[in-house]
Amino acid sequence: MDPRSLKELLENVKMGVVSPEEAAARLATLPYEDLGFAKVDHHRALRRGFPETVFGAGKTPGQIAAIVERIAARGQRVLVTRTNAEVHREVAVVRPEARFHPEARCLTVETTPAAALPGRIAICAAGTSDLPVAEEAAVTAAFHGATVERIYDVGVAGLHRLLDRADAIRQADVVVVVAGMEGALPSVVAGLVDTPVVAVPTSIGYGPPSTAWRPSWPCSTPAPRGWAS
């Protein structure tokens, strides 16, 4: 339940459309509903303005379907992250309107339209391998009502690709930069804009140079201390 739905419920009680007993029944599961394996936080939207997000990894399809059904039954929008098509098939049995976003590994159930948030978010990704994390950020932001622009494959290995999109990046109110272990792209983007930059590292890439390049010895370059030839 969010502030808008709570106000609607109280207005309906005032007008006699909903009885006090029915309203009390709807509020009985605040702040949470105990499903045995999970305690569903129906009060989250009322406290924070956003409903609870379901982290899908480690949960069975049946558990996720039950959680989604209970959240959606209260008229709340549902976002499930780190999930898969098998879970979507299970959820679609109880919520046919559920939508699976394969690139983002997310599932959404939009019981009502999201209230539009002010401003604009640019999601920048260094390379195609970073897209699952970038898409998760993009789907999450859009689900909550944000206007999102995707700016992908603009890693520093081809700096001209990033600079070609510099104007679009500067027009954003917030920039989310998703890049692999080398971590160069967020610093470069931060040098181009005067807006907040959120750096999101991924486990993609070769890592620091000490693991990316390991010559065979003997060679003309002395072996760093601790490295075997």
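One table, with the values for the structure above:
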read-out	value
Estimated 222 nm signal from helices in the chain, with DSSP H stretches of n ≥ 4 weighted -39500 (n - 2.57), rounded to 500	-10000 deg cm²/dmol
Cα-based helix-to-principal-axis angle, 85-94 vs the chain, degrees rounded to 10	10
Tail fraction, Cα-Cα pairs, the range 48-177, threshold 20 Å, whole percent	49
Tail beyond 15 Å, pair distance distribution of the range 1-105 (Cα, percent)	64
Between helix 61-73 and the chain: long-axis angle, C-alpha atoms, 0 to 90°, nearest 10	50
With all protein chains modelled, accessible area of K7 [1.4 Å, Å²]	130
Projected label distance in nm at L6 and F55, using a 7 Å step from Cα toward the beta-carbon	2.6
Per-residue SASA entry for D194, accessible area with 1.4 Å probe, Å² rounded to 10	150
Cβ-placed point charges (K, R +1; D, E -1), dipole of the range 1-134 about Cα centre in debye, nearest 20	280
Intensity falloff of the chain expressed as log10 I(q)/I(0), Debye formula with alpha-carbon point scatterers, at q = 0.09, 0.10, 0.14, 0.18 Å⁻¹	-0.52, -0.62, -0.96, -1.24
Using a Förster distance of 22 Å, the FRET efficiency for E110-Q171 (Cβ separation, nearest 0.05)	0.25
Among 91-103, 115-127, the order from most to least packed when residues are scored by Cβ within 10 Å on average	115-127, 91-103
Nearest 10 degrees, 0 to 90: helix 3-15 Cα axis against the chain principal axis	10
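The values are calculated or read from the model by the stated rules, or taken from the named source; none is laboratory data. Just so it is clear, the model here is predicted, and its values are computed rather than measured. No Cβ is skipped: glycine too gets one built from the backbone with ideal geometry, and neighbour counts run over all protein chains shown. Keep in mind that these areas ignore ligands, DNA and RNA; they rest on the heavy atoms of the full protein, side chains included. Shrake-Rupley method; radii C 1.70, N 1.55, O 1.52, S 1.80 Å.
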